[in-house]
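Read the structure below first, then the notes.
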Amino acid sequence: METFISDIKEKFRYGDTLTRLLLINAGVFIAIALSKVVFILFGLANNATWNHNFEWSWNLADFLARPWTIATYMFTSYGVWHLLFNLLTLYWFGKRFQILYTNSQLRGVYILGAIAGMVFFTLLFNLFPALQTKDHLWTMPGTSTAVLAIASATAFRAPNYMQKLPIIGFVPVKYLVIALGVINVALIPNINPATDFAHLGAVLTGYLYVRCHKHGTDITKPVTVVAVWIDKICDKFRKR
């Protein structure tokens, strides 16, 4: 077990951005699952609502009570199958994205896509108060929106790139992204339309990134600056 943990640490420390994103998503999912078991055993948590403590809520009061959700939200999924689907999609489109762009831009689009989903989700709730049902705490995981932003950017950049699929054969990337959106929505056990609306924010992020990049503007630069600053702080702690 000790060797396994050490291997994971090494992969995270020396791996590329895609590897780190995959490990963070898997790690956050496992951490949430384990914490839920512990808190439920001590009677301190509700199985049905525990994940809400790490997902994004449209309500500002919820955010003030759980400010960490602005970070954890970006790496949360609905259940095991949704996680696996998100990880496989992130890996496949992430690999393709790395051919077209850079590692830092991959990280930037991931985070910007998650933020866009969060903003669209919050806006819809506040524009349409009828969605704000008192008997349900509506929250949203953010991995799917972040991954969809990367997939959309890839499709907008190279829409006719042909990918070979088992049995089906070669399919243009643009159709794969459409299928991805449909499947992702189907995997989300949520009847609130705000969740679907959030995915539009991810698609818009992918489009804006490609559009701006073609005109010489990299909208992921602010994310890169913050990420580099965080990496420097982490390196200082490692050396101590």
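Using the alpha-carbon centroid of each, what span in Å lies between the range 204-218 and the range 107-151? Rounded to whole Å, the Cα centres lie 21 Å apart. Using R0 = 22 Å, the C-beta based FRET efficiency linking residue 34 and residue 137 works out to 0.50. Placing a label point 7 Å from the Cα of residue 231 along the Cα-to-Cβ line, the residues of the range 91-118 whose backbone N sits under 12 Å from it are 103-108. Among the listed pairs 36/164; 164/214; 95/232; 174/221, those with a Cα-Cα distance over 30 Å are 36/164.
Summing Cβ point charges (Lys, Arg +1; Asp, Glu -1) relative to the Cα centre of the chain gives a dipole of roughly 720 debye.
Cβ crowding within 10 Å, taken as a proxy for footprinting-reagent exposure, orders 35, 144, 104, 77 from fewest neighbours to most as 35, 104, 77, 144. Let me make sure I get this right: for the range 45-87, a, b and c are the square roots of the gyration tensor eigenvalues over alpha carbons, sorted descending. Under 1.5 in a/c it's rounded, otherwise prolate if a/b > b/c, else oblate. Which is it? It is oblate, given that a/c is not under 1.5 and a/b is not larger than b/c.
No lab work stands behind these numbers, since they all come straight from the coordinates. Please read all numbers here as calculations on a predicted model, not as lab measurements. We place every Cβ from the backbone using ideal geometry, glycine too, and count neighbours over all the protein chains shown.
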